[in-house]
Amino acid sequence: MKMKQVFFTLTILAASFSSIAQSSDIILKVEDEQVTREDFESIFRKNNRDSVITTASLDEYMELFINFKLKVRAAMEAGLDTSSSFQRELLGYRKQLARPYLVDQALLDELIEEAYERQKQEVRASHILIKCDPNASPADTLKAYERIVALRDRIVNGESFEAVATAKNGSQDPSVRDNKGDLGYFSAFQMVYPFEEAAFNTAVGEISAPVRTNYGYHILQVNDKRDARGEILAAHIMIRVDEKNPTSKMEGEEKINEIYALLKEGNDFSELSVKYSDDPSTAKRGGELPWFGTGKMVEEFENAAFSLENNGDISAPFLSPYGWHIVKRIDYKPIPDFKSAKNDIKSKVSRDARAELTKSSFLKKLRKEYAVEVDQKCMKAIYKAADADSAFLGKGLGTIKSKTLEKSLLTIDGKSRSVESFVKKLNNAKIRDKRLSSKEIVDQQLEAYINSELMDYEDSRLEDKYNDFRLLMNEYHDGILLFELTDEKVWSKAVKDTLGLQAFYEDNKSDFMWEERADVVIYTCKDAKVAKALRKAIQKGKGLNEINDELNETTRLNFSYEEDVLERSEKEIFEKIAWEEGLSENIEEQGQIVIVQINEIIPAAPKTLEEARGLITAEYQNYLEAEWIKELRAKYSFEVNESVLHSIK
């Protein structure tokens, strides 16, 4: 049978040369599937990035690749790719993998670099807010804008920013009562993006133009800019006080000074925090706080913490709105380099308003790439129906003729979308601002519809436009299939097939052997005096528990022991003693005395199935996979074009 298998394989390989040698592109055929040199080389290089390419390495990888493709072929024939669970899982991965291809990558890179540069700086700014809902009517929006412009004019004409911010008709930010509009220091991602833009693009001492955010209109006064402080890991001891009660403040100061004196005498910071700190959330951890940077703590606390120059430095007592503190610096991290920070920044960019910028820019590029045409006659019919059905929201447009519904409304890259498809979207749309006219609503929803269709169309073409995406999707497609079938044929089978596992064990017992072992007790003694006492106790026939109690009567550090059955290679100490029954000589190890008692030498023997179940199961899995591959190689034809394979350099 084996000779037939070898002959069959060699016949196929020989046939491969004759049937596909003429192709300069096809490197492998598995049944009716062809693999191009480009695809194989891409996968090969991905998995052998730093390796020297040799004929042997190419041949070896091709064998693995053939096995892989044969397994995928078997999974496809079993219909695993048609199951709903497979389709859902693959679709879920595709959505994730497609995201980087559906944004303006060049703009995204710019925004990442911009954010990194901003993270190296901190801005201190004050602001005034006039609230304005994102969906406010044009009239209300104009009113809010005119009000913020009027406040800005007052400051430009000489009034102080703080006075205008705290005036009765000034800032509508509730925190203005406490901070007078001063937001302290902040860096990138700590404010909404339009606000951040204004802060970093306004010079120190200048007043920004009005800025629109989801909260309303702002103006900013930039008070300072400085290098970013990085992040610090610190611990603190806090004595809580009532800021309005002078007695409480004084008593707190006396207590914190007493604690500070104990620290200067050399008492442990963590122990004092556990005993005395009034911050229960950190006291039990020795006062340790999470890592923090600018904007995470009150200013007094941040200034004290970041003024400490070395790990282990402790601040003098200081007062914050929460009470008296002493801070200890544990560790410090400066702003990381761009390479280290890039992935984290990219993740943050994808979650804030910058993401909308990349999407909007991408949609503009798509409109240029694909011819987008809207039939204006059809639009007139939709406007007319919307006017006639003034209450159409949630009820649908009922007056459009069926002939019109069938007409093409939107064409993208020469492909049509019917009036009906847009009307369905329109009728199901959630209209937030119902003050808009019917035409404004239709225009707004048409824009959203075009964008959605553009994105869907681009998404559908990713495999054709981007070879790396196609290969990645193939990799996930085949990987999921392979996992399912390999689990069925190998992994789970090895665990569940108890009779097969037992038979495999019986046939291969000699591969799972214990070396010669010994039943040992390893005694560790504090010094030679304890070792001498141990030997006397053993001679008298005392048991281990009795010996342990006697030798450790005054301290638990005098003596310890370990009982086990061990192979000679498992302990270095065994190399220093005679491998025979009885007590060894005293062996000095790291200032202690070790004595080994060998009770019995156990000859080499096969491990039982229970003793080596994990190892035996793993080997049984390897056996099952090897047998499976033999079956697949016998079942399916495959052809390798070796001249193309070996041309890869």
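Please turn the phi angles of region 309-324 into ³J(HN,Hα) values with the Karplus equation 6.51 cos²θ - 1.76 cosθ + 1.60 (θ = phi - 60°), one per residue in order, whole Hz, x for glycine and proline.
With coefficients 6.51, -1.76 and 1.60, one gets 8, 10, 4, x, 5, 10, 7, 6, x, 9, 10, 10, x, 8, x, 8 Hz.
Of all trypsin sites (Lys or Arg not before Pro) in region 125-226, which ones are in loop regions per DSSP and have a Cβ with at most 12 other Cβ atoms within 10 Å?
Passing both the DSSP loop test and the Cβ count: 168.
Please compute the contact order of the chain in relative form: average sequence separation of alpha-carbon pairs under 8 Å and at least six residues apart, divided by the residue count, as a percent.
Working: 851 pairs, mean separation 111.8, N = 649.
Relative contact order of the chain: 17 percent.
When the Karplus curve 6.51 cos²θ - 1.76 cosθ + 1.60 is applied with θ = phi - 60°, which whole-Hz ³J(HN,Hα) does each residue of region 569-578 get, with x for Gly and Pro?
6, 7, 9, 5, 4, 5, 6, 9, 10, 6
Could you compute the longest span of the chain free of GluC sites (Glu not before Pro) located in DSSP loops and having at most 11 other Cβ atoms within 10 Å, not counting the site residues?
Counting only loop sites that pass the neighbour cut-off, the longest clear stretch is 310-552.
Counting other Cβ atoms within 10 Å, keep those with at most 10, restrict to DSSP loop, and tell me which trypsin sites (Lys or Arg not before Pro) in region 322-390 are left.
Values: sites: 328, 329, 339, 342, 346, 348, 351, 354, 359, 364, 365, 367, 368, 377, 380, 384; in loops: 351.
Qualifying residues, ordered by number: 351.
Return the calculated 222 nm mean residue ellipticity for the chain, to the nearest 500 deg cm²/dmol, obtained by summing -39500 (n - 2.57) across DSSP H runs with n ≥ 4 and dividing by the residue count.
It lands at -15500 deg cm²/dmol.
In the chain, with Lys and Arg counted as +1 and Asp and Glu as -1 at Cβ, which of these residues, 637, 58, 171, has the Cα nearest the positive end of the dipole, that is, farthest along it?
171
From zero up to wherever the largest Cα-Cα distance of region 514-606 sits, split into 10 Å bins and tell me the percent of pairs in each.
Bins of 10 Å from zero give 16, 50, 27, 7, 0 percent of pairs.
Cα extents of region 24-103 along the three principal axes, largest first, in whole Å?
42, 36, 22
Which of the chymotrypsin sites (Phe, Trp or Tyr not before Pro) found in region 516-611 are in a DSSP loop and have at most 16 neighbouring Cβ atoms, other than their own, within 10 Å?
579
Mean Kyte-Doolittle of at least 0.5 and a Cα length of 20 Å or more along the axis: which whole DSSP H helices of the chain meet both?
2-20
Positive end of the charge dipole of the chain (Lys, Arg +1 and Asp, Glu -1 on Cβ, about the Cα centre): tell me which of 312, 554, 112 has its Cα farthest that way.
Working it through, the farthest residue towards the positive pole turns out to be 112.
Please go through the residue pairs 401/425; 69/342; 348/424; 403/425 and name each one whose alpha carbons sit more than 25 Å apart in this structure.
Those over the limit are 69/342; 348/424.
Can you give the Rg and Dmax of region 112-212 based on its C-alpha atoms, in angstrom?
Looking at region 112-212, its Cα Rg and Dmax stand at 14.2, 41 Å.
For region 450-561, what is the Kirkwood hydrodynamic radius in Å, using each pair of distinct C-alpha atoms? Intermediate results must be reported in sequence, preceding the final value.
Numbers: mean 1/r = 0.0459 Å⁻¹.
It is 21.8 Å.
Count of lysine pairs in region 121-227 with Cα atoms under 18 Å apart, counting only pairs 8 or more residues apart in sequence or on different chains? Intermediate results must be reported in sequence, preceding the final value.
Numbers: 131/143; 131/168; 131/180; 143/168; 168/180.
Lysine pairs meeting the criterion: 5.
Just need the relative contact order of region 514-606 here, percent rounded to a whole number, with Cα pairs under 8 Å and 6+ apart.
Once normalised by length, the contact order is 50 percent.
May I ask you to sort 320, 84 by Cβ crowding, counting other Cβ atoms within 10 Å and putting the fewest first?
Working: 320 19, 84 7.
Ascending Cβ contact count within 10 Å gives the list 84, 320.
Of the labelled options [x] 3, 12, 16, 17, 16, 13, 9, 6, 4, 2, 1, 0; [y] 2, 9, 11, 13, 15, 16, 15, 10, 5, 2, 0, 0; [z] 3, 14, 22, 22, 17, 12, 7, 3, 1, 0, 0, which one gives P(r) over Cα pairs in 10 Å bins from 0, in percent as computed for this structure?
Matching the structure shown: [y].
With respect to the cross-link table entries 346/649; 296/333; 255/333, which display a Cα-Cα separation exceeding 26 Å? Let's see the in-between values first.
Values: 346/649 35 Å; 296/333 15 Å; 255/333 32 Å.
Table pairs above 26 Å Cα-Cα are 346/649; 255/333.
Going by how many other beta carbons lie within 10 Å of each one, how would you line up 164, 149, fewest first? Before the final figure, lay out the partial values.
Details: 164 21, 149 14.
Listing 164, 149 from fewest to most nearby Cβ atoms yields 149, 164.
Every number in this text was worked out from the coordinates using simple rules, so none of it is lab data. Just so we're clear, the structure is a prediction, and the values are computed from it rather than from any experiment. Positions of Cβ are generated from backbone atoms using ideal geometry, with glycine treated the same way; all protein chains shown enter the neighbour counts.
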